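Here's the structure, in C-alpha cells; my notes come after.
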DNA sequence: CCGCGGGCCTGAGAGC
DNA sequence: TGCTCTCAGGCCCGCG
C-alpha cells in the first residue's frame, strides 16, 4: 500500500494496542517475508514492552524495553489489523480463519493490552528488522533517507538545492527517498498537480541561478505538505490493500485529482485539459498536460 | 554519477 | 468457467 500518509495512519492505529504494552506472545508463521526474519525473532520480542511507536519515511519503528528497535516496512501490500483477544476475528479463536486472506497473516503479536496485532502481506515485499537503538544512526536502511516532508527541516531551499544541477525530471526527484522521505507514486502525482508543475519538467528548473528556490519550488513544497496533511486526515488512500488498523478504508482516494483518472476531465476550474497517463521509470504518472507545465 | 530495467511476490481485472 | 496477460502504492541491484 503504503506511502507516508498510509504508514502514519497505521502508526496511529497501532498506538493504542502497542504503546506501553508488552509482547506477551509472538507467532511467526513464516520464517521469511521479503527477507528472512531476524534470528530468534519471536524470542527477542517476547516479554518486551513497547516504549514508543514512531515513523520515519515509510518505516514504522517500535522502541523496545530491551534496547532494540523493531523496524517494520509494509512493502507494497503489507497491512496491520487489530483483533481483540477472544473475539471472533482473532486468530486462535474458534472462528478463525474467516477471511480468505488469512493465509497471508504472517505475524501475530499478542500484546499485554489484550489486542492481537496481525501483520498480513500477500506479496511479501514487507519486512522487519531488529536494530540496537544505539546503532540506529548507522542503520543502512535509514541512513540515506532525506528529510521528513512535514518536518521543519524540509523547505523550498532544501528541495531546490537537491534539484540543482540534476538532469532528471521532477517525478524522479520527488520519488527519490534520499531527497524527501515518504512520497510514492500517488502523492508525487497529486503534489505536482497541485503545484501545477509537469512531472516531466527538468528538476533543475525549480532552482534559480544560484541554486536557491524559485516560485516553483515554493509552490511544490506547499503542495507536498498540503496533500500529505489532507491524506493523513482522511486515513490514507485505499486502493487495493490499505486499510486502517480497525479495518476501515481510508478515503483519500476519493479526493485524487489526477491519480488513476486517465482520460477524465482536469478538475482545475476553466481548464479544458484531460488527465493523461504516461510511464516514467516504468511506473504510471498521471497529470494534466494543459495546466501542469 | 545517472537512469533504466529486472526482480522480488501474489492477486485482481481485462480480454478471449 | 478458465486461461493468459497486464498491472499494482516499494525498493534494491546491476547494467550500460
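The values are calculated or read from the model by the stated rules, or taken from the named source; none is laboratory data. Owing to the predicted nature of the structure, the values given are computational and were not obtained by experimental measurement. With ideal geometry, Cβ positions are generated from the backbone for all residues, glycine too; neighbour counts draw on all protein chains shown.
Exactly one condition in (1) in contact with a helix residue (DSSP H, G or I) (Cβ under 9 Å, 6 or more places away or on another chain); (2) without any contact (Cβ under 8 Å) to a residue 40 or more places away in the chain is false for residue A:190; which is it?
The one condition residue A:190 does not meet is (2).
Residues are listed down the side, and each one gets a yes or a no for (1) buried (at least 18 other Cβ atoms within 10 Å of the Cβ); (2) in contact (Cβ under 8 Å) with a residue 12 or more places away in the chain; (3) within 15 Å of residue A:108 (Cα to Cα):
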residue: A:7; (1), (2), (3): yes, yes, no
residue: A:12; (1), (2), (3): no, no, no
residue: A:17; (1), (2), (3): yes, yes, yes
residue: A:21; (1), (2), (3): yes, yes, yes
residue: A:24; (1), (2), (3): no, yes, yes
residue: A:33; (1), (2), (3): yes, yes, yes
residue: A:57; (1), (2), (3): yes, yes, no
residue: A:72; (1), (2), (3): yes, yes, yes
residue: A:76; (1), (2), (3): no, yes, no
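Would you confirm whether or not region A:218-230 contains a residue that is touching a residue at least 60 places away in the same chain (Cβ under 8 Å) and assigned to a loop (DSSP other than H, G, I, E, B)?
Looking through region A:218-230, none of the residues is touching a residue at least 60 places away in the same chain (Cβ under 8 Å) and assigned to a loop (DSSP other than H, G, I, E, B).
Here are some conditions: (1) touching a helix residue (DSSP H, G or I) at 6+ places or on another chain (Cβ under 9 Å); (2) assigned to a helix (DSSP H, G or I); (3) surrounded by fewer than 14 Cβ atoms within 10 Å (Cβ to Cβ). Residue A:253 meets all but one. Which one does it not meet?
(3)
For region A:259-293, how many residues meet the condition of being more than 16 Å from DNA strand B (Cβ to nearest atom), assigned to a loop (DSSP other than H, G, I, E, B) and more than 30 Å from residue A:81 (Cβ to Cβ)?
Total satisfying the criteria: 15.
Kindly provide the set of residues from region A:139-171 that are buried (at least 19 other Cβ atoms within 10 Å of the Cβ), over 25 Å from residue A:129 (Cα atoms) and within 15 Å of DNA strand C (Cβ to nearest atom), ordered by number.
Across region A:139-171, the qualifying residue is only A:171.
Here are some conditions: (1) away from DNA strand C (no atom under 14 Å from the Cβ); (2) under 30 Å from residue A:83 (Cβ atoms); (3) part of a loop (DSSP other than H, G, I, E, B). Residue A:240 meets all but one. Which one does it not meet?
Unmet for residue A:240, out of (1) away from DNA strand C (no atom under 14 Å from the Cβ); (2) under 30 Å from residue A:83 (Cβ atoms); (3) part of a loop (DSSP other than H, G, I, E, B): (1).
Enumerate the pairs (first residue in region A:119-147 and more than 30 Å from residue A:104 (Cβ to Cβ); second residue anywhere and within 14 Å of DNA strand C (Cβ to nearest atom) and part of a helix (DSSP H, G or I)) with beta-carbon separation below 9 Å, excluding pairs fewer than 6 apart on the same chain, so at least 6 apart or on different chains.
Short answer, once both residue conditions are applied: A:137/A:143.
Taking residue A:271 and the conditions (1) within 16 Å of DNA strand C (Cβ to nearest atom); (2) more than 30 Å from residue A:75 (Cβ to Cβ), which numbered condition does it fall short on, given that it satisfies the others?
(1)
Only residues that are within 15 Å of DNA strand B (Cβ to nearest atom) and in a loop (DSSP other than H, G, I, E, B): list them for region A:146-197, please.
A:146, A:164, A:165, A:166, A:167, A:168, A:176, A:177, A:178, A:179, A:180, A:184 - these are the residues of region A:146-197 that are within 15 Å of DNA strand B (Cβ to nearest atom) and in a loop (DSSP other than H, G, I, E, B).
Would it be correct to say that residue A:250 is within 19 Å of residue A:148 (Cβ to Cβ) and within 13 Å of DNA strand C (Cβ to nearest atom)?
So residue A:250 does not fit the description; no.
Which of the residues that make up region A:210-250 are at pLDDT below 90, in contact with a helix residue (DSSP H, G or I) (Cβ under 7 Å, 6 or more places away or on another chain) and surrounded by fewer than 19 Cβ atoms within 10 Å (Cβ to Cβ)?
A:211, A:239, A:246
Against the definition (more than 13 Å from DNA strand C (Cβ to nearest atom), within 30 Å of residue A:26 (Cβ to Cβ) and not assigned by TED's automatic domain parsing to the domain that holds residue A:214), how does residue A:121 come out, yes or no?
No: the conditions fail for residue A:121.
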